[in-house]
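Since the structure comes first, as structure tokens, the remarks are kept for the end.
The values are calculated or read from the model by the stated rules, or taken from the named source; none is laboratory data. Small disclaimer: the values here were computed from a predicted structure and weren't measured. Cβ placement follows ideal geometry from the backbone for every residue including glycine, while neighbour counts extend to all protein chains displayed.
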């Protein structure tokens, strides 16, 4: 039970702030607090469903989806923004490029398909797809610069690592909740 001598304590919508003074919230404040609690509950339910969808083979990858999930996890624990950026983009590659599509001799085509597949998988509106494709290409090019010794400003890496993480999370959540797309799925989406 909250201690009325502690400022800001919450009890059934009533706060004690400053200590000893009861402050009753307005109906709007009560509604906002209730919405926050519902939002937390929905987030926890979604997280529980995602956790249940995690394959047991994450530690011993057998499919590209396992690689995507494992690399995303590694990116989350990396201390370096450059390492995290690389891991998140590898997670994106594992989710967006199929093994039969990854011949390194066709690097330009891989870059193109990476942006195309991500944009058609995650967005339905043409303008949103175009913007997302640019973002995907930007993180892909940054990853390439880091891995292949290109010159990339540290501030740019720090800026792009969280965006790469958000994009990878979006692809992984899609895969866990809607199934992992195949090359045929990407072709179908492109032709719709």
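Numerical summary
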item: Residue in segment 73-89 that is out of contact with any helix residue (DSSP H, G or I) (no Cβ under 8 Å at 6 or more places or on another chain), surrounded by 15 or more Cβ atoms within 10 Å (Cβ to Cβ), in a helix (DSSP H, G or I) and modelled with pLDDT under 90 present; result: no
item: Residue check, residue 133 over 23 Å from residue 61 (Cα atoms) and in contact with a helix residue (DSSP H, G or I) (Cβ under 6 Å, 6 or more places away or on another chain); result: yes
item: Scope segment 74-90; condition farther than 11 Å from residue 146 by Cβ and without any contact (Cβ under 8 Å) to a residue 12 or more places away in the chain; matching residues; result: 77, 78, 79
item: Which numbered condition residue 65 fails, given (1) assigned to a helix (DSSP H, G or I); (2) farther than 25 Å from residue 192 by Cβ; result: (2)
item: Condition check for residue 121: surrounded by 16 or more Cβ atoms within 10 Å (Cβ to Cβ), without any contact (Cβ under 8 Å) to a residue 60 or more places away in the chain and out of contact with any strand residue (DSSP E or B) (no Cβ under 8 Å at 6 or more places or on another chain); result: no
item: Residue ranges of helices (runs of 4 or more DSSP H) in segment 98-188 with at least 2 members within 21 Å of residue 81 (Cα to Cα) and modelled with pLDDT of 90 or more; result: 126-147, 154-178
